[in-house]
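Participant: Below is the structure I would like to discuss, written out as C-alpha cells.
The values are calculated or read from the model by the stated rules, or taken from the named source; none is laboratory data. Because the structure is predicted, anything quoted here is derived from the model rather than measured. Using ideal geometry, Cβ is built from the backbone for each residue, glycine included, and neighbour counts are taken over all protein chains shown.
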Amino acid sequence: MSFLGRGGSTPTGGVNPERIDMAVTELDTVTDFFNRMVSSCHAKCISTRYADADLNKGESVCIDRCVAKFSEVQKKVGEKLQNRGAAAASAGGAGSFTGL
Amino acid sequence: MDGDFPNEDMFPAEEPGPPRPKFEPRFRTLRPREMSVNGAEGDVKPRKVSGIRTVLSYTGIPPSWLDKRPKLPSRNWLIFLSTVSTVAGFYIYDRQQCKKIKREYIERVKHLAEEPLGTLERPRKVTVYGAKWPGDEDYDQSLKYFRKYVKPVLVAAAVDYEMINGKRHGELARRTADEIKSRRRLAAGIDSPSPYTEALPTRLPPDEEYKQELAGGIVIVGRPAFKEFMAGLQKGWSEGLEKVDAEEDLAQELSMDGRFDEPEVPEEGIAVEATAFTPSPIVFSPLQHLNQPKPAKRSGENISSSLNTPPSTIPLLPPLLLVPFIDYIGFTQVPLMLWDFFNQRHKVRAGARAAYSLIIGETRPFDSPSAETRLFTDITTPDNEAPSSDIDFDRSAEAYYKRSTSALAGEIEKARTKFYEALPAKLATARALARGEREYTKEENERPPPSEMELRAERLKKELRWRRDLEGWEIVKPATKVAWDDRFKDILRLFVDPPSETEPTLSNDS
Amino acid sequence: MDFSNFNAAEQAQMSKIIEKKQMQDFLKMYSNLVEKCFNSCCNDFTSKALSSKEEQCVMNCTEKFIKHSERIGARFAELNAEAMNAAQTPS
C-alpha cells in the first residue's frame with residue numbers, strides 16, 4: 001500500500017511537515033479505497049431483503065472474493081496508469097493525458 | 001334460346017363415306033345453372049363439404065387449399081430433415097438433462113449457504129490441484145473440467161476453493177514438495193512466521209489452523225495430477241530442509257560444462273609465434289575468470305541432522321477427492337470428442353456427484369497397496385490380473401495418452417543437439433563483436449545478434465526447461481507407478497458417496 | 001503505511017490526525033448507512049410511524065452492514081499483511 005515514497009529528512013526532534021502531509025494523503029487514499037470497497041461489495045453481495053441480522057455463509061464467501069477481486073482490479077488499473085504515464089513521459093507528450 | 005354449341009348447323013349433313021366420329025368437345029364450358037350439387041355426369045366432382053370445411057369456406061381461404069391433402073415432402077427433403085432433427089434432438093436432449101441435473105444437485109445443497117457465519121470466521125476451504133495433460137499444450141484442461149462441472153455445486157454450498165495448476169509436467173510435484181518443506185521448516189522452528197501475519201486479528205493458533213484445514217479437503221483432477229501430487233508428497237517428506245536454489249545450482253553446473261569455452265586456435269608456424277598467440281592448452285575464456293564458479297552457496301545455514309532427517313510419521317492430510325478426468329486430444333480421438341459433445345450429461349452428473357460427496361463429507365481410509373500390488377501392477381499387467389487398490393485411480397485414462405508423448409525424451413535430445421550445434425557460431429559472432437574485432441554489418445545493426453551474456457541466459461533457461469520437462473515426464477508417464485511410501489498408509493482418506501446417493505429413488509439419466 | 005520511521009513528535013501528531021479522521025469517517029459511514037437502509041427498507045408512506053416490519057428491516061440492515069464492514073476489514077488487513085510480506089522478502 002505504501003506506494004508513496006518517504007522523502008525529506010527530519011530536523012532533529014522536530015516535525016517534518018512534508019512527511020506528515022504525505023502520510024496524511026496516503027491515509028486518505030487508503031480510507032477512501034476501503035470505503036468504496038465496502039459500498040461496492042455491499043451492493044454486489046448482500047441482498048436488500050434483510051431477512052436476517054447475521055451474514056450467512058454464501059454472503060461471507062462472496063465478500064471474501066469481492067475483496068480479493070477489488071484489490072486485484074486496483075493493482076491492474078494502477079499498473080496500467082503507470083505504464084501510460086511512463087509512455088507519455090518518454091514520448092514527451094503531456095497532452096496524452098487528456099486523451100484518457 | 002340457346003342451342004347446344006356447337007350446333008349441327010356448323011357441320012353439314014353427313015357425306016357419304018366412312019362414318020366420321022361425332023365431334024364431341026373435350027372441354028365444355030360451364031354455365032352457372034349446370035353447377036349443380038347432384039350433377040350426374042360431368043367433369044366436376046361433387047363437392048361434399050363437411051365439418052370444418054363449411055366454416056372455413058367462408059373465411060376467405062382459397063377453396064383449393066381446403067381440398068389439399070397432407071403430403072410428405074420429397075425423398076431428399078425427408079433425408080435432410082430427419083438427419084438435422086436427429087442431431088439437433090440429441091444436442092437439445094443432452095443440454096436439457098445437463099441443466100436438470102445441475103439444478104437438482106444445487107437444490108440439494110443450497111440450504112447450506114443459508115447458515116450464518118461469524119464475521120471473523122472463515123468458511124470451509126478446499127484446495128484443487130490440476131496438472132498438464134500429456135500431449136495437450138493447453139495446461140488448463142483439468143481445471144476447466146473442475147470449473148464447469150464441480151465448481152457450481154461447491155459455490156451453491158458456500159464451500160471456498162483455491163485452484164492450483166501445474167503448467168508443465170512436474171510443476172505440481174515441485175510445488176507440493178516446496179510447500180511441505182516450508183511447513184516442516186516452520187514446525188521445526190527454522191523459519192519463523194512473519195510479524196505481519198502474526199498481528200492479524202483473524203490469526204488462529206497453528207493447531208486451530210490445522211484443524212480447519214483438515215475440515216476442508218483436497219480435490220485432485222485426473223491421474224497426472226494424482227501422480228504428481230503423490231510424487232510431491234514423497235519428495236517433500238523425504239528430502240532435507242535446506243533452501244536450495246535450483247537455478248543457481250544449474251548455473252554453476254553449466255558454467256563448468258565447457259560449452260562456452262574459447263575454441264582452440266590451431267597451432268601453426270613458429271613455436272614462438274604460436275606461444276605468443278595461442279591461449280594455454282587448458283582453454284579458459286578471459287570472461288570465465290570473471291565468472292569463477294563459486295562454491296555452492298547454501299545460504300550458510302546449518303540445519304542440525306536431527307531436524308533434517310525425514311520424520312517417521314507424517315501428520316494427517318485432509319481427505320482427498322479423486323475426480324476422474326480424460327482429455328481427448330489428437331486426430332484419432334475425434335470420434336470420442338464427438339460422442340463426448342453429445343453426452344455431457346454424464347460429466348455433469350459425475351462432477352456434481354463428486355462435489356456432493358465432498359460437501360457431505362463422508363470419508364473412508366485410503367486402500368493402500370500391499371507389497372504384492374506394488375510389485376506387479378504397471379501398465380503392462382492386464383487389469384483383471386492385478387489386485388486393484390486406490391492407487392490405481394483412473395488408470396484406464398492413461399490409455400488415452402497420445403502416442404507422441406512417449407517420444408518426449410527423444411525430442412528434447414534433438415532440440416538440445418540442434419541448440420549446441422548452432423551455439424559456437426553465435427558465440428563466435430558475439431565475442432568478435434564484443435571485442436571490437438569487426439564492425440556491425442547492416443543486418444546486424446537492425447537486428448543485433450545476442451551477446452554472450454544473453455546466450456548464457458538463454459542456455460540456462462533452455463536447460464532448466466528441458467531438465468524439468470524430463471523430470472516431470474518421468475513422474476507422469478504411464479510406465480511409472482504412483483509414488484508410495486509406507487508412512488502414507490494412515491494419513492490418506494478419500495471422500496465417498498454418502499449412502500443417500502445410492503438409493504434407487506434418485507432420478508436416473510438415460 | 002508504515003509509521004515506524006517517524007520519530008516521537010511526528011508519531012504523536014500522526015495519531016492526533018488519525019483520531020480526527022477516524023471520527024469523521026465514522027460520521028460519514030453513519031449517514032451513508034442511514035440513507036442505504038432507508039432507501040431499501042422504507043417504502044410505505046401511508047403512515048407517519050415506522051411499521052414493525054420496517055423497523056425490523058432497519059435493524060437487520062444496520063447489523064448486517066456492521067458485520068459486513070468488520071469482515072471486509074479483516075480481509076483487508078490480511079491483504080495488507082500479505083503485501084507487506086511480499087515487500088519484505090527481497091530484503
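Participant: Within segment C:8-25, count every residue that is away from every other protein chain (no Cβ under 11 Å) and among the hydrophobic types (A, V, I, L, M, F, W, C).
Facilitator: So the count comes out to 1.
Participant: List every residue pair whose Cβ atoms lie under 8 Å apart, where the two residues are 6 or more positions apart in sequence or sit on different chains, the first residue falls within segment B:149-171 and is closer than 23 Å to B:Glu471 by Cα, and the second residue, located anywhere, is among the β-branched types (Val, Ile, Thr) and part of a helix (DSSP H, G or I).
Facilitator: B:His169/B:Ile475; B:His169/B:Val476; B:Gly170/B:Ile475; B:Gly170/B:Val476
Participant: Inside segment B:241-279, can you point out the residues that are of a type in the set (Asp, Glu), at pLDDT 50 or above and part of a loop (DSSP other than H, G, I, E, B)?
Facilitator: The initial filter retains those residues of segment B:241-279 that are of a type in the set (Asp, Glu), namely B:242, B:245, B:247-249, B:253, B:257, B:261-262, B:264, B:267-268, B:273.
With at pLDDT 50 or above added as a condition, the list becomes B:242, B:245, B:247-249, B:253, B:257, B:261-262, B:264.
Those that are of a type in the set (Asp, Glu), at pLDDT 50 or above and part of a loop (DSSP other than H, G, I, E, B): B:Glu242, B:Asp245, B:Asp257, B:Asp261, B:Glu262, B:Glu264.
Participant: Which condition number does A:Glu26 fail, the rest of (1) facing another protein chain (nearest Cβ under 7 Å); (2) of a type in the set (D, E, K, R); (3) within 23 Å of C:Lys36 (Cα to Cα) being met?
Facilitator: (3)
Participant: Let me ask something additional. If you scan segment C:39-59, which residues turn out to be free of Cβ contacts under 8 Å to residues at least 12 places away in the same chain and either within 17 Å of A:Ser40 (Cα to Cα) or within 12 Å of chain B (Cβ to nearest Cβ) (or both)? Steps first, answer last, please.
Facilitator: Kept after step one, since they are free of Cβ contacts under 8 Å to residues at least 12 places away in the same chain, are these residues of segment C:39-59: C:39, C:43-53, C:55-56, C:59.
If the condition is that a residue be free of Cβ contacts under 8 Å to residues at least 12 places away in the same chain and either within 17 Å of A:Ser40 (Cα to Cα) or within 12 Å of chain B (Cβ to nearest Cβ) (or both), then C:Asn39 is the only one that fits.
Participant: Can you tell me which residues in segment A:31-83 are of a type in the set (A, V, I, L, M) and away from chain B (no Cβ under 14 Å)?
Facilitator: Initially, segment A:31-83 is screened for residues of a type in the set (A, V, I, L, M), giving A:37-38, A:43, A:46, A:51, A:53, A:55, A:61, A:63, A:67-68, A:73, A:77, A:81.
Across segment A:31-83, the qualifying residues are A:Met37, A:Ala43, A:Val73, A:Val77, A:Leu81.
Participant: Would segment B:292-305 turn up any residue that is hydrophobic (A, V, I, L, M, F, W, C), at pLDDT below 95 and outside the structural domain of B:Lys148 (by TED's automatic domain parsing)?
Facilitator: Step one: filter segment B:292-305 for residues hydrophobic (A, V, I, L, M, F, W, C), giving B:296, B:303.
Now drop any that are not at pLDDT below 95, which leaves B:296, B:303.
Add one more test, that the residue is outside the structural domain of B:Lys148 (by TED's automatic domain parsing), and what stays is B:296, B:303.
Yes, segment B:292-305 has at least one match.
Participant: Name the single residue, out of those in segment B:120-154 being over 13 Å from B:Phe325 (Cα atoms) and within 9 Å of the chain's Cα centre (by Cα), that is nearest to the other protein chains (Cβ to nearest Cβ).
Facilitator: The extreme case among them is B:Tyr139.
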